[in-house]
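To start, the structure under review is shown below, and the notes come after it.
We did not get these values from a lab; they are worked out from the coordinates using the rules stated. Everything quoted here is computed from the prediction, not taken from an experiment. All Cβ positions, glycine included, derive from the backbone under ideal geometry; neighbour counts span all protein chains shown.
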Number of protein chains: 2
Amino acid sequence: MFSGAQISLYPMSDDYVGIILDAITALDPWRANLRIETDDISTLIVGPPEILFPAMRDLFVAAARTGVHCTMHVTASRGCPGEPDDPICVPGDTLAPDTPLQDRIAHARTAVADAQTTGQTIAAQFSLYPLGLGHHMDEIYGCIEFLKASGTFETSKNFCTKLRGDAGPVFETLSRAFTSFGAQAGHVALDVTVSANSPSAV
Amino acid sequence: MFSGAQISLYPMSDDYVGIILDAITALDPWRANLRIETDDISTLIVGPPEILFPAMRDLFVAAARTGVHCTMHVTASRGCPGEPDDPICVPGDTLAPDTPLQDRIAHARTAVADAQTTGQTIAAQFSLYPLGLGHHMDEIYGCIEFLKASGTFETSKNFCTKLRGDAGPVFETLSRAFTSFGAQAGHVALDVTVSANSPSAV
């Protein structure tokens, strides 16, 4: 299975280039387990989900700690039939095939409860797209059931769900949404926006 | 059918608040045909596709004309089974039900060729998610066939397709991807990033 993400970091500052270049050093501990390619719109990171989300967390927290209003957009995908398998993507932590929805929800909640905190509060919103299924809304509603008791849930919005909390559990919530819902070896995409230091935040 | 988008505008400048507030006035001519709600992460605009995409184009072009590196993220959705029908969303320009894929591709290409230009060059990348279908990749490959001859195609990337050109045809390409592929009355989502004035652009 191929898994990865296109990510873009946006510091709302005249010094956005410097903030991005400094934050990218937070990816260094993860680089051996990722394949990384950059162009003028986004950076592709390819690797297993349990590396992708902590790497994205560390990148975003490094930028947010400047105190500047920063956002990051992530398009994450796994199991796309148009992408070749890649050995770098083999996940180290998988559920047994055909694990029932309620067990997947319980497993995901436990992982979020156990997540390490970072000291950085963030907001996030995301949409889950389980593709190639006739019953995709069942998986989406299952994911929403997980989110509502995750401890990071803030509100439901049109087309997405909004989270708020420490970056540790919030990124763990995103990781578990990505891996626990939709067909287990199937095609799932996630459209994520994270935000820190917004002057509009409540 | 419900249709709309969550949009977020990111000017990479210390004056991002001023640039956003100025750019928002570009939505004024469209407001009578849209429902608009804002929080600290995004602004929801609800309305028919032929209003949504020109309104987003005008908002982004207004920000890009400052010369500042600006990006915008859009999560667009139509036909979500979890959203109620809304009279404000009734489209004015629809294809006949069951229009064959090749005819939809031809119709979309003609619309892009006829799009008005704005004088503002932008880059864009997006992912199309036709939901609730077992054959979702057929619709995605059909969309890619449209894109490659659209005049706005730049390159295929992992998980998305990258466009470049004048904002007029680029936003028309996005609008046609949104309305022409996936089940015609079904659930389709689009994950879009647009960018202008990037120092990394070729």
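A few notes on this one:
- Cα-based values for segment A:29-166, radius of gyration first and Dmax second, are 16.0, 45 Å.
- Computed 3J(HN,Hα) for segment B:119-135, one whole-Hz value per residue from the Karplus formula 6.51 cos²θ - 1.76 cosθ + 1.60 where θ = phi - 60°, is x, 10, 7, 9, 10, 8, 9, 8, 10, 9, 10, x, 9, x, 10, x, 10, glycine and proline marked x.
- Lysine pairs in the protein assembly as shown with Cα atoms under 29 Å, if 8 or more residues apart or on separate chains: 7
- Prolate is the label for segment A:5-64, because the ratio a/c of its alpha-carbon gyration tensor axes (a ≥ b ≥ c) is 1.5 or higher and a/b is greater than b/c.
- Residue with peak Gaussian network fluctuation, chain B [Cα springs, cutoff 10 Å], from B:Ile51, B:Ile41, B:Ile144: B:Ile41
- Segment B:71-110 and segment B:1-40 have their alpha-carbon centroids 21 Å apart.
- Under 19 Å from a label point set 7 Å out along the Cα-to-Cβ vector of A:Met137, the amide N atoms of segment B:175-202 belong to B:182-190.
- Ascending count of other beta-carbon atoms within 10 Å, so fewest first, for A:Lys157, B:Lys162: A:Lys157, B:Lys162
- In this simple spin-label model, placing a label point 7 Å from the Cα along the Cα-to-Cβ direction at both A:Asp103 and B:Ala201 gives a separation of 5.2 nm.
- Per residue, the convex hull spanned by the Cα atoms of the protein assembly as shown measures out at 128 cubic angstrom.
- Formal net charge of residues neighbouring B:Ala26 (Cβ-Cβ distance under 15 Å; K, R +1; D, E -1): 0
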